[in-house]
Amino acid sequence: MARIFILIAAVSGFLSVVIGAFAAHGLKKVLAPEMIDVVKTGVQYQMYHALVLLLVALLLIHKPATSGLKAGGWAFILGSLMFSGSLYALALGAPRWLGPITPIGGLCFLVGWFLLALAAWRMKSES
């Protein structure tokens with residue numbers, strides 16, 4: 001599972017850089033400034049959660065039996081897809097009914113952070 005999370009984190013980080021660069025340069029003349037800001041928010045959260053997914057993967061390598069880590073990783077992935085993905089789609093003109101997907105993605109992020117904290121609480125120290 002750690003390998004899959006590392007791969008997804010790498011792809012997500014890569015895409016956040018590509019999307020951010022494209023928004024800053026390629027979309028600047030096409031989208032309104034407030035829509036560029038929407039894309040920037042999506043990129044920012046996608047990168048944060050690519051990095052935390054990488055952390056989860058590394059924790060899984062060192063503490064594979066810690067409950068909550070895998071579920072937390074999947075929550076971060078789902079959150080990135082729903083939160084950032086819906087922001088990208090909305091900025092590019094997707095129908096407004098897609099808007100309620102964004103806070104559901106945010107809720108997935110919160111679940112992921114909660115599960116990461118719970119996993120840390122449950123880890124046995126190596127003293």
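Before moving on, here are some points about what is shown:
- Selection count where residues are assigned to a helix (DSSP H, G or I) and surrounded by fewer than 16 Cβ atoms within 10 Å (Cβ to Cβ), scope the stretch 12-35: 10
- Take the conditions (1) touching a residue at least 24 places away in the same chain (Cβ under 8 Å); (2) closer than 19 Å to residue 93 by Cα; residue 24 misses just one of them, which is (1).
- Options 111, 38, 56: the member that is part of a helix (DSSP H, G or I), modelled with pLDDT of 95 or more, within 27 Å of residue 25 (Cβ to Cβ) and among the β-branched types (Val, Ile, Thr): 38
- Hits in the stretch 36-54 (condition: free of Cβ contacts under 8 Å to residues at least 40 places away in the same chain, open to solvent by 80 Å² or more (accessible area, probe 1.4 Å) and not polar (S, T, N, Q)): 37, 40, 48
- Residue 68 meets the conditions (1) on the phi < 0 side of the Ramachandran plot; (2) modelled with pLDDT under 95 in every case but one. The failed one is (1).
- Residue that is farthest from the chain's Cα centre (by Cα) [pool: residues in the stretch 55-74 that are among the small types (Gly, Ala, Ser) and open to solvent by 10 Å² or more (accessible area, probe 1.4 Å)]: 65
The values are calculated or read from the model by the stated rules, or taken from the named source; none is laboratory data. Treat the numbers as computed from the prediction; the structure is a model and nothing was measured. Note that each Cβ is placed from the backbone with ideal geometry, even for glycine, and that neighbours are counted across all protein chains shown. Only protein heavy atoms, including side chains, enter the accessible area calculation; ligands, DNA and RNA are left aside. Shrake-Rupley method; radii C 1.70, N 1.55, O 1.52, S 1.80 Å.
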